[in-house]
Structures are given as C-alpha cells and as structure tokens.
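Chemist: Can you keep this structure in mind? I'll have questions shortly.
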Amino acid sequence: MANENEFTGADILLKALKDQEVDTIFGYPGGAVLPIYDAIFGQNFLKHVLVRQEAGAVHAAEGYARSSGKVGVLLVTSGPGVTNVVTGLTDALMDSIPIVCISGQVPSHLIGTDAFQECDTTGITRPCTKHNYLVKDVSKLSETIHEAFKIASSGRPGPVLIDIPKDVQFAKSKYISKKDISFREHRIKAGSKKVDKNFVEELVNHIKKSERPIFYVGGGCLNSGHEASQELIKLVNKTNIPITTTLHGLGCFPGEDKSSLGMLGMHGNYEANLAMNKCDLMINVGARFDDRVTGRLDAFSPDSIKFHIDIDQSSINKNVKVNFHTNTDIALTLKEINSFIDSNSIDFGDKDYNNWWGQINEWRKKECLHYEQGDEVIKPQHAISRLYELTKQKDTFVTTEVGQHQMWAAQYYKFSKPNRWITSGGLGTMGFGMPAAVGAQMANPDSLVIDIAGEASFLMNIQEIATAVQYKLPIKIFILNNEYMGMVRQWQELLHGSRYSESYVDALPDFKKLAESFNAVGVRAKNISELDDTINEMISVDRPVIADIWVDKKENCFPMIPSGAAHHEMLLSKYDKENPENQEKGKVLV
Amino acid sequence: MSSTSVYPTPINAFKQSKRSVLSVIVDNEPGILARIVGLFSGRGYNIEALNVTVVDVKKNLSRITIETLGEEKVISQIIAQLEKLVPVHSATNLANLSESYEAEICLIKIEFENDEQDQKILNFADIYRSRTVQKRQNIVVYEISGTSERINKFLDDLDTIGGIKVELVRSGPIGLGI
C-alpha cells in the first residue's frame, strides 16, 4: 500500500535540497546515482550543471560557495566518481569552504563484497571532510542532509559528504523538513556567540600602549561574512593601524587603501613582512599562522604581543603561541571592539603612530613589486596590472590556478570587496581555477569572471571548457603562458642549481585553436603591443574565452622569503643572493 | 597519578614528553573510533593505549580513554582537534583535573614447571592482591587491577622468576575525574 506521505530516498534528497534553498548542483551521473538523476529529471527548481570530470564538480561547487557565501553542492556516483573528488574535498577542508557532496554507493547488501564501482567512500573521505555519513536507513536521510548543511556552514566551514546506497535512494520514508529538525548542539560546533569582554578590553588597552601595531587578517574574516569586513574597515580607520592580509584575506580590506600593506608571506610585500617582523602588537583576525605566512618560526615576529581571533579552537597556539585569544565569531568580536571604543569615547587621534608609519614608508620605498616592462616581450606582472586596470570598473570575480601566475595575481590585482578572489591556498590545487570560475559564473551570471591561469595548471582540468560552453558561461581564461611550470622552475633555479628537471611543458596545444574546437573563443597576445587589445577583446565577447598571453619565460616571482628563512630575510629580485646556509635548510622544506 | 607508560617507550625521543590520559565522550555511531584513530595517525600523535566502551545505552554514549605521549602544547592541540570531531561531546586531559582516578585491569596466564616457581608466583600474587581466576596443575590465571604502574611492577617481579611462561592481556588505563 503506497502511503502518500512517504517518498523515495531520491525524492527526499530533492525535497531537502529545496528546503535548503539550493538552486544549483554540479554533478556527473553514474550507476549508483541513477534514481537521484531520475528525480532531478522530473523537477525544475534545481539547475544541474553537468561537468566533464568529477574534479570539475567539486571545484565548481567551491567557486560557487566562495563567490556567493552559500553552500556549494555536488552529486557524484560511487567508486571512481567519488575518488575523483578527494582532491577537491581536501582543498575545501584546507580553505574552509562550505560544500556538501552527495555520493551514490552500491546497494547496502553489496557493501563489502568488492562490487562493481564500490569503494569505501566514508573511509577514503574521512580525513578530508569536516564530517561524512553513510546513510543506511532511509528514515534517517532527511535529518542527515539537514545536519550536513548545518555542519558545512557553521563555525569554521568545510566540506561534508553524504554517501547514499542505491537501495536507500529507492526505499520510502516520511520527509522531515528543516524547520522540524532540532540540531544537537555538540555536533554543530558553531563557536561561541558570546563576545569575550575581557579580550576586547585587553586588546583596546594594548592598542593604546603599542607603538608598532599591525592587523594580520586571514580567510576567517571572509568566512565571517561581509559585516566582519565592514567592522574591520571601521576599526582600521579609527585606529590608523596598518593592515596586511593573507592570500585568502585579500578583499576583506580594500587593497588600494593607504592603510593596506598588501599581502604578507612567502611572496608578500616587503613592507608587510618587515612590519610583521618588527611590530610590537599583532592582531590576528581569522588567520592560522600558516608556514607560507610565518617563514622560519623561531624568527617570526619575535617582539610582539599577539592577539588572535579565530572561531576554530585548534588554530589557537597550533604553530605560534599567542598571548590572548578568543573563539568567538570575528564579526561579533570586531563589532564589540568598535562599540567599546565608541562608548568609552576612546580617541586614537593623538596616537597616529607617526614613527611606525614613517618606518613603513621607508620600507615601501624599496618598491618590492617594481618590474621593468620592455618594448617587446610581455612581463607577466604587467599582464596582470593591465588586466586589473582594464577590468577594475567592472563587477569582477577572479579565480586562479596554482603557481607563479597565482602569486602575481595576488600581488598586482587589487580587491576592494570580499568574496571576489577565489584561489586554492592551503592545498595549492593546480586545475582549481577554471572549474571554480564555472561555479562563480553560475552564482553570478551577470558578472565578469576571470580565471588567471598558467598553461600547465589549465591543462589539468581543461575538459571543463565544454561545461562552460554548454551552459553559455562567458568565463575568461587568462593564461600567462611561459611554457614552464613556473614555480617549480623558480625553485629549481633557487635551490637545485637551475637543473630544470621535468618542469618544461613540451607539446603544448595551440590554445586559440583549442578554444575554437570547443566552440569557445580564442585570443592571443604575443607581444606588448597586442596586450591591451587582446584583454579588451576577451572582456567584450559574451562567450567563454581562452586568452593565450605569451609572457617572459624566465621571469620569477619576487619578493620571496625562501623556505626556512625569516620575514626579514626576503629576496627582493633575482639580483639578491640567498644565504647559502638558509638554502640548505630550505631545500628540505616545502 | 604517577604511573608511567604501560609499554617500553623511548622517553628521551620525545622532548619534554609527558604521559597524558585523555577521556573522550562520544556519540556511539559507526566510524567514530576510525575518526579518532585516524586523527592520531594522520597528525603524527601517539596512542600508547586505547579503551572504548558504551557507557550510556539510553543516550547512546561511549567513553574513550586514550593514553598518549607529547609535550603540553601537543596535548592541547590533540584536545582541540578531538573536540572538532562532530560526534565528540567532550575531550578532557585527566591531568588537568584537580582530582582523578585511574585504573587498569590485566589478565595473566602463567605456566610453571615446579613447586618452587609456584610458591614464588603465589607469593607475588598475594603481595599484589591479584585474584585467582583459574588454577590447574601447572597453569594459573590471575586478574589484577589498579594503576598501570602497579601492574607494571607486578609483571617486573614475575620476571625475576626464571623458567615460567607468561601470556597476558591489558585493558589499558581507564580514568575518571572526581
């Protein structure tokens, strides 16, 4: 007897997605998810984007999530379908991106029999998800999906996977809606909503006492939402304290503001790293003291009192011991700091940190991002600078692949708003940028979405061009083509006697023809005289475009703190020679 | 709590390593043990001993006791990482409590050859108040409980008797804050 209050597992999944206001799902069908695909066929609230390989689905979901602030969702089949998303799940875990991955599993009675396309999905993805589930009972499905969305987006966000055996997709049960679920608090780990007043007071007192303070802002500020960024801007304006951001913090504070020292870390600005090294008060807002940021730990900002705001308890005192910390949401904490300053009429007017800014301006005179653009060959830095100038008036999102082009993009493209910069930081996943651009364009159909790419990274997920073409997503792939895995070559040059072992990319395709064969548009700039026209053409075409920009093959990314060196031991250009002792130590690091 | 690790451990290899006993309350659900063990192996922490049992059937809770070695900084990081796991209710370092009690249970099967050995075994068993579970002609099985250190000492003493065969199982320490 069919009960009309009962639905199949596949229908329950669709109902739950609707309940969660999901409007886009990235996926690839296969045997173990056919019932779900059948349910997708019969509805119209959910737009399914068919990727060309599952890795594309997970990075697209990441791009969608980062650019929209919503949870990104993907659907893949069992076995190879799900093993293909392991990299992307790890990427989302490292960079705290909220995504929910639905995977099909072989029918329950076949689990453990080495069935066709069976793998231990929850076992494989356990260390690369925030949480995962194998749903064996259809009556638990609604609750599991709602909890998954809650966990993915709460506290420090991250990827959650739900593995659903095929028989569970057919089995029937009642649907429980989101509003009827009461979450168990210990499982959600949302972090404290109560601001630590003591922390706020200590911080304000230390700001008053300090001579050389600095804000060090990371991706946590981004994840705390736009309000966090607005409160941060208010606080910086009030206090006149210099601010530097990590790779993921770019955009939390306007990059062109006078208080911004730009990005810090391995390829960060000279003034930012020196200021971190010499500061007497460090205010860490949602950053995790990553090795790319700290350089050699024993020489990291030796004389500073350190304050740390982070929703993730395990980020506190993990790499660097701090003096004061709070685990409360950043937006709430910054808001409280601002209102504490206002309500106590604390005026920082006389505290203008003149000497500190004087020192910083001396460091700025080094012009660490200076490059010489000649008359012929395009310098990669120049290509990004022109791209920025020609697109900054537009509503633009930038994704990247991983390598030199990524660092140049971070250095020369300035962001004034959060969520506009989508890059793979923690894991450093080559092939991330193009599918991420697909996701960002799905979430922002009217915006300009550019993937700043290297030719080697682009080749890693090149199949997703077809996805962009199929869904008429006018993404722009801006390739800085130097025919090398540039960052690998740079390290080989610095640390391995210029023995360029396997870092030259031979037999490259003709990217213009390649674009045309996919029914996309290909453009090319071979020298400086063609650059602006090529960029303008790329922007003006309302179709997916691959722009093949031929850049100087030997250019390296500076400034650079070599691995194992400290902030004040930066290399500013190729004329700087590295200390040989550091070189040996650095060689064994990553 | 002064007992040391139950297994011979190169203490010097761990700079300022301290033995800690962690008590973790978790939802009893599939995969929870794998999550915890995976966290330890993935992040390079040590598990010296591990004990898992359901402690509240109604609320479906298990208590996991983990004996680990590490600097204080590492132990705090382990606790923070454990508390991030979704099914984990709480993770406590018993050493941080003002008062806690620790115990372990051990079953020992001893095969001996002569009366002299039998007498010595009996003597040690008496000193350590171990309970006889089973005794046959030349085999005796004892149950001993107490701190891990006490059990270690009992085993060390048995070691001084030559020519006996010992087979044993230990629960690993369990502990409770008071």
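Chemist: Considering region A:310-330 alone, what residues qualify as being farther than 14 Å from A:Leu281 by Cβ and more than 12 Å from chain B (Cβ to nearest Cβ)? If you could, list the steps in order and put the result at the bottom.
Modeler: We begin by selecting, within region A:310-330, every residue farther than 14 Å from A:Leu281 by Cβ; these are A:310-321, A:325-330.
Those that are farther than 14 Å from A:Leu281 by Cβ and more than 12 Å from chain B (Cβ to nearest Cβ): A:Thr326, A:Thr328, A:Asp329, A:Ile330.
Chemist: Within the bounds of region A:67-77, is there any residue that is of a type outside the set (A, V, I, L, M, F, W, C), assigned to a helix (DSSP H, G or I) and buried (at least 23 other Cβ atoms within 10 Å of the Cβ)? Steps first, answer last, please.
Modeler: Step one: filter region A:67-77 for residues of a type outside the set (A, V, I, L, M, F, W, C), giving A:67-70, A:72, A:77.
If we keep only those that are assigned to a helix (DSSP H, G or I) too, we end up with A:67-68.
When the remaining residues are screened for being buried (at least 23 other Cβ atoms within 10 Å of the Cβ), the result is A:67.
Looking through region A:67-77, at least one residue is of a type outside the set (A, V, I, L, M, F, W, C), assigned to a helix (DSSP H, G or I) and buried (at least 23 other Cβ atoms within 10 Å of the Cβ).
Chemist: A follow-up question, please. How many of the residues making up region B:82-110 are β-branched (Val, Ile, Thr), without any contact (Cβ under 8 Å) to a residue 60 or more places away in the chain and within 8 Å of chain A (Cβ to nearest Cβ)?
Modeler: Filtering region B:82-110 for residues β-branched (Val, Ile, Thr) gives B:86, B:88, B:92, B:105, B:108, B:110.
Going one step further and asking which of them are without any contact (Cβ under 8 Å) to a residue 60 or more places away in the chain, we end up with B:86, B:110.
From the residues that got through so far, the ones that are within 8 Å of chain A (Cβ to nearest Cβ) too are B:86.
Of the residues in region B:82-110, 1 are β-branched (Val, Ile, Thr), without any contact (Cβ under 8 Å) to a residue 60 or more places away in the chain and within 8 Å of chain A (Cβ to nearest Cβ).
Chemist: Next up: Six or more apart or on different chains, Cβ under 6 Å: which pairs go from a residue in region B:18-41 that's more than 10 Å from chain A (Cβ to nearest Cβ) to one that's in a loop (DSSP other than H, G, I, E, B) and crowded, with 18+ Cβ neighbours inside 10 Å? Could you list them?
Modeler: Short answer, once both residue conditions are applied: B:Arg19/B:Ser5; B:Val21/B:Pro173; B:Ile32/B:Pro87.
Chemist: Please verify whether region A:391-411 includes one or more residues that are in contact with a His (Cβ under 9 Å, 6 or more places away or on another chain) and in a loop (DSSP other than H, G, I, E, B).
Modeler: no
Chemist: Can you tell me which residues in region B:46-65 are at pLDDT 95 or above, at negative phi and not in a strand (DSSP E or B)? Before you say what the answer is, go through the steps one by one.
Modeler: Within region B:46-65, the first condition is being at pLDDT 95 or above, and the residues that meet it are B:47-65.
Now narrow it down to the ones that are at negative phi: B:47-59, B:61-65.
Correct list: B:Ile47, B:Glu48, B:Val57, B:Lys58, B:Lys59.
Yes/no matrix, rows are residues, columns are (1) in a loop (DSSP other than H, G, I, E, B); (2) in contact with a Phe, Trp or Tyr (Cβ under 8 Å, 6 or more places away or on another chain); (3) farther than 22 Å from A:Thr391 by Cα:
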{"residue": "A:Gly439", "(1), (2), (3)": "no, yes, no"}
{"residue": "A:Met442", "(1), (2), (3)": "no, yes, no"}
{"residue": "A:Ile450", "(1), (2), (3)": "no, yes, no"}
{"residue": "A:Ser457", "(1), (2), (3)": "no, yes, yes"}
{"residue": "A:Val469", "(1), (2), (3)": "no, yes, yes"}
{"residue": "A:Pro474", "(1), (2), (3)": "yes, no, no"}
{"residue": "A:Gln490", "(1), (2), (3)": "no, no, yes"}
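Chemist: Another question, if that's okay. Quick test of your reading of the structure: A:Ile549 fulfils all but one of (1) among the β-branched types (Val, Ile, Thr); (2) touching a residue at least 40 places away in the same chain (Cβ under 8 Å); (3) part of a helix (DSSP H, G or I). Name the failing condition by number.
Modeler: Unmet for A:Ile549, out of (1) among the β-branched types (Val, Ile, Thr); (2) touching a residue at least 40 places away in the same chain (Cβ under 8 Å); (3) part of a helix (DSSP H, G or I): (3).
Chemist: For region B:35-65, give me each residue that is of a type in the set (Ser, Thr, Tyr), under 23 Å from A:Thr129 (Cα atoms) and surrounded by 15 or more Cβ atoms within 10 Å (Cβ to Cβ). If you could, list the steps in order and put the result at the bottom.
Modeler: Let us first name the residues in region B:35-65 that are of a type in the set (Ser, Thr, Tyr), namely B:41, B:45, B:53, B:62, B:65.
If we keep only those that are under 23 Å from A:Thr129 (Cα atoms) as well, we get B:41, B:45, B:62.
Answer for region B:35-65, where residues must be of a type in the set (Ser, Thr, Tyr), under 23 Å from A:Thr129 (Cα atoms) and surrounded by 15 or more Cβ atoms within 10 Å (Cβ to Cβ): B:Tyr45, B:Ser62.
Chemist: Can I ask one more? Among the residues of region A:296-315, what is the count of those that are in contact with a helix residue (DSSP H, G or I) (Cβ under 7 Å, 6 or more places away or on another chain), aliphatic (A, V, I, L, M) and either assigned by TED's automatic domain parsing to the domain that holds A:Ser154 or farther than 24 Å from A:Lys209 by Cα (or both)?
Modeler: Initially, region A:296-315 is screened for residues in contact with a helix residue (DSSP H, G or I) (Cβ under 7 Å, 6 or more places away or on another chain), giving A:300-301, A:305, A:307, A:309-311, A:313-314.
Retained after the next criterion (residues that are aliphatic (A, V, I, L, M)): A:305, A:309, A:311.
Imposing the further condition that a residue be either assigned by TED's automatic domain parsing to the domain that holds A:Ser154 or farther than 24 Å from A:Lys209 by Cα (or both) reduces the set to A:311.
Count: 1.
Chemist: In the list A:Ser498, A:Ser540, A:Ser503, which residue meets the criterion of being small (Gly, Ala, Ser) and surrounded by 15 or more Cβ atoms within 10 Å (Cβ to Cβ)? Even if it seems obvious, please write down each step before you answer.
Modeler: Working: A:Ser498 fails: surrounded by 15 or more Cβ atoms within 10 Å (Cβ to Cβ); A:Ser540 fails: surrounded by 15 or more Cβ atoms within 10 Å (Cβ to Cβ).
Result: A:Ser503 is the single residue among A:Ser498, A:Ser540, A:Ser503 that is small (Gly, Ala, Ser) and surrounded by 15 or more Cβ atoms within 10 Å (Cβ to Cβ).
Chemist: Also, quick follow-up: Here are some conditions: (1) modelled with pLDDT under 95; (2) closer than 16 Å to A:His59 by Cα. A:His496 meets all but one. Which one does it not meet?
Modeler: (2)
Chemist: Does B:Val52 count as out of contact with any Phe, Trp or Tyr (no Cβ under 9 Å at 6 or more places or on another chain) and either within 14 Å of chain A (Cβ to nearest Cβ) or of a type outside the set (Ser, Thr, Tyr) (or both)? Working first, answer last.
Modeler: Details: out of contact with any Phe, Trp or Tyr (no Cβ under 9 Å at 6 or more places or on another chain): yes; either within 14 Å of chain A (Cβ to nearest Cβ) or of a type outside the set (Ser, Thr, Tyr) (or both): yes.
Yes; evaluated as a whole, the condition is true for this residue.
Chemist: Can you pull out every residue in region A:247-265 that is crowded, with 23+ Cβ neighbours inside 10 Å, in a loop (DSSP other than H, G, I, E, B) and more than 15 Å from the chain's Cα centre (by Cα)?
Modeler: A:Phe253, A:Leu264, A:Gly265
Chemist: Residues being under 16 Å from A:Gly81 (Cα atoms), touching a helix residue (DSSP H, G or I) at 6+ places or on another chain (Cβ under 9 Å) and within 14 Å of another protein chain (Cβ to nearest Cβ): count how many of those fall in region A:107-125.
Modeler: Total satisfying the criteria: 5.
Chemist: While we're here: Looking only at region B:61-81, how many residues end up being out of contact with any helix residue (DSSP H, G or I) (no Cβ under 7 Å at 6 or more places or on another chain), within 11 Å of another protein chain (Cβ to nearest Cβ) and either polar (S, T, N, Q) or under 22 Å from A:Ile151 (Cβ atoms) (or both)?
Modeler: 4
Chemist: Would you call A:Val488 over 26 Å from A:His267 (Cβ atoms), among the β-branched types (Val, Ile, Thr) and either in contact with a Ser or Thr (Cβ under 9 Å, 6 or more places away or on another chain) or not assigned by TED's automatic domain parsing to the domain that holds A:Met430 (or both)? Step through it out loud before you land on a result.
Modeler: On the way: over 26 Å from A:His267 (Cβ atoms): no; among the β-branched types (Val, Ile, Thr): yes; either in contact with a Ser or Thr (Cβ under 9 Å, 6 or more places away or on another chain) or not assigned by TED's automatic domain parsing to the domain that holds A:Met430 (or both): yes.
So A:Val488 does not fit the description; no.
Chemist: Next up: Which of the following residues is over 30 Å from A:Ile341 (Cα atoms), of a type outside the set (Val, Ile, Thr), in contact with a Cys (Cβ under 7 Å, 6 or more places away or on another chain) and crowded, with 20+ Cβ neighbours inside 10 Å: A:Pro165, A:Pro159? I'd like the intermediate steps shown before the answer.
Modeler: Details: A:Pro165 fails: in contact with a Cys (Cβ under 7 Å, 6 or more places away or on another chain).
The conditions single out A:Pro159.
Chemist: Here's another thing I want to ask about it. Report, by residue number, each residue of region A:100-128 that is polar (S, T, N, Q), buried (at least 24 other Cβ atoms within 10 Å of the Cβ) and under 28 Å from the mean Cα position of the chain (by Cα). Don't jump to the end; show me each part of the working.
Modeler: Filtering region A:100-128 for residues polar (S, T, N, Q) gives A:103, A:105, A:108, A:113, A:117, A:121-122, A:125.
Narrowing the set further to residues that are buried (at least 24 other Cβ atoms within 10 Å of the Cβ) leaves A:103, A:105, A:121, A:125.
Correct list: A:Ser103, A:Thr121, A:Thr125.
Chemist: Only one of A:Ile151, A:Ile181, A:Ile164 is within 11 Å of chain B (Cβ to nearest Cβ) and among the aliphatic types (A, V, I, L, M); which? Write out each step before concluding.
Modeler: Numbers: A:Ile181 fails: within 11 Å of chain B (Cβ to nearest Cβ); A:Ile164 fails: within 11 Å of chain B (Cβ to nearest Cβ).
Every option except A:Ile151 fails the conditions.
Chemist: Could you please tell me which pairs satisfy a Cβ distance under 6 Å, a separation of 6+ or placement on different chains, a first residue in region B:125-141 that is closer than 14 Å to B:Leu168 by Cβ, and a second residue that is polar (S, T, N, Q)?
Modeler: If the second residue must be polar (S, T, N, Q), the pairs left are B:Val141/B:Gln134.
Chemist: Scanning region A:184-210 for residues that are within 14 Å of chain B (Cβ to nearest Cβ) and part of a loop (DSSP other than H, G, I, E, B), which turns out farthest from the chain's Cα centre (by Cα)?
Modeler: Within region A:184-210, the first condition is being within 14 Å of chain B (Cβ to nearest Cβ), and the residues that meet it are A:184-192.
With the extra rule that they be part of a loop (DSSP other than H, G, I, E, B), the set shrinks to A:184, A:189-191.
On the way: A:Arg184: 29, A:Lys189: 22, A:Ala190: 21, A:Gly191: 21 Å.
So, considering only residues that are within 14 Å of chain B (Cβ to nearest Cβ) and part of a loop (DSSP other than H, G, I, E, B), the one farthest from the chain's Cα centre (by Cα) is A:Arg184.
The values are calculated or read from the model by the stated rules, or taken from the named source; none is laboratory data. All values reported here derive from a predicted model rather than from experimental measurement. All Cβ positions, glycine included, derive from the backbone under ideal geometry; neighbour counts span all protein chains shown.
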